[in-house]
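Notes for the one structure printed next.
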Amino acid sequence: MHAQNFYGTGPVIIGRRRAYRVKAECFLDMGFFARSDEEAEDLFNDFSDSVESRYPGIVLELKSIREDD
């Protein structure tokens, strides 16, 4: 089916499926038992790798590390 529009005659695009990209953010607050902040970062990286390998579209980015009192 073709239709006349401002650009000329062409295929009708109403109802046609088109690609959409969706981006979202998430907040993660979790704790690790570690001897140092470097070890805590390593534990987070291991966790992040397991999540990202299971769900390829998810990317976890480390924002901060602090000792929990």
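The values are calculated or read from the model by the stated rules, or taken from the named source; none is laboratory data. Predicted, not measured: the structure shown is a model, and the values here were computed from it. In this analysis, Cβ positions are derived from the backbone assuming ideal geometry, glycine residues included, and neighbour counts consider all displayed protein chains.
In region 41-53, is there at least one residue being of a type in the set (Ser, Thr, Tyr) and either surrounded by 10 or more Cβ atoms within 10 Å (Cβ to Cβ) or in contact (Cβ under 8 Å) with a residue 40 or more places away in the chain (or both)?
Going residue by residue through region 41-53, those that are of a type in the set (Ser, Thr, Tyr) are 48, 50, 53.
With either surrounded by 10 or more Cβ atoms within 10 Å (Cβ to Cβ) or in contact (Cβ under 8 Å) with a residue 40 or more places away in the chain (or both) added as a condition, the list becomes 48, 50.
Yes, that holds for at least one residue.
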Margin query: Please determine whether any residue of region 45-57 is under 21 Å from the mean Cα position of the chain (by Cα), assigned to a loop (DSSP other than H, G, I, E, B) and either at pLDDT 95 or above or not small (Gly, Ala, Ser) (or both).
Written below: yes
Note to self: Go through region 18-42 and report how many residues are closer than 15 Å to residue 61 by Cα and aromatic (Phe, Trp, Tyr).
What the structure shows: 1
